[in-house]
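In what follows, a structure is listed as structure tokens, so that the remarks can point back to it.
Throughout, read-outs are computed from the coordinates displayed, never taken from laboratory work. Since this is a predicted model, take the numbers as computed values, not measurements. In this analysis, Cβ positions are derived from the backbone assuming ideal geometry, glycine residues included, and neighbour counts consider all displayed protein chains.
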Amino acid sequence: MTDLPHYTEYDTRLAAYAVIRDDDGRVLLALWNEGDQPRWTLPGGGVELAETVEEGAVREVLEETGYDVRLDGLLGVDSFVFSPAQRSNGSERPLKAVRVVFAATVTGGELTPEVGGTTDEARWFPLDEVRGLPRVSLVDVALGYLAAG
């Protein structure tokens, strides 16, 4: 057994994201502005204490894109560990990010950028352009789920 930290010695963040494609096969991404440089990510984010993962995904998509969505199913669950040096909040504890990824469909609303949040733009991209974008690793994880599905 390796000498890994006990679960009380690191932080955990539960987050929910949506892969949303339109009729032309484009994917909706949001521009995350909290890192060292802006990078594209899936719409989504932290799940609040009193909400389900599904409710969190729907709320986050609305906040970051202006769209109401219907969740169409679970694509996968991914975990990623951030060292204290990788964290943007100055914490000296590692962080285990548990990222739940859903497929979703737009049911209403209008594309609107988030104001005062962790993203400041949302845009549709053809799938073949995504690999050339500055993006977070979760985008590749989610596109892998789609390809395997």
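Just a few scattered comments:
- Spans of strands (runs of 3 or more DSSP E) in the range 1-77 with at least 2 residues touching a helix residue (DSSP H, G or I) at 6+ places or on another chain (Cβ under 7 Å), touching a residue at least 40 places away in the same chain (Cβ under 8 Å) and among the aromatic types (Phe, Trp, Tyr): none
- Filtered by the rule that a residue be surrounded by 21 or more Cβ atoms within 10 Å (Cβ to Cβ) and either at negative phi or touching a Cys at 6+ places or on another chain (Cβ under 7 Å) (or both), the range 41-55 gives Thr41, Leu42, Pro43, Val47.
- Residues of the range 78-115 that are of a type in the set (S, T, N, Q), part of a loop (DSSP other than H, G, I, E, B) and more than 30 Å from Pro5 (Cβ to Cβ): Thr112 alone.
- If the condition is being surrounded by 15 or more Cβ atoms within 10 Å (Cβ to Cβ), within 26 Å of Ala147 (Cα to Cα) and more than 11 Å from the chain's Cα centre (by Cα), then the range 1-27 contributes Ile20, Arg21, Arg26, Val27.
- Check on Asp68, surrounded by fewer than 17 Cβ atoms within 10 Å (Cβ to Cβ) and under 24 Å from Asp128 (Cα atoms): no
- Within the range 91-117, the set of residues being among the hydroxyl-bearing types (Ser, Thr, Tyr), in contact (Cβ under 8 Å) with a residue 60 or more places away in the chain and touching a helix residue (DSSP H, G or I) at 6+ places or on another chain (Cβ under 8 Å) comprises just one member, Ser91.
Residue-by-condition table, conditions (1) under 15 Å from the mean Cα position of the chain (by Cα); (2) of a type in the set (Lys, Arg):
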{"site": "Pro43", "(1), (2)": "yes, no"}
{"site": "Leu74", "(1), (2)": "yes, no"}
{"site": "Ser79", "(1), (2)": "yes, no"}
{"site": "Glu92", "(1), (2)": "no, no"}
{"site": "Leu95", "(1), (2)": "no, no"}
{"site": "Arg99", "(1), (2)": "yes, yes"}
{"site": "Thr105", "(1), (2)": "no, no"}
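- Hey, Val141 under 30 Å from Pro5 (Cα atoms), in contact (Cβ under 8 Å) with a residue 40 or more places away in the chain, in contact with a helix residue (DSSP H, G or I) (Cβ under 6 Å, 6 or more places away or on another chain) and surrounded by 16 or more Cβ atoms within 10 Å (Cβ to Cβ) or not: no
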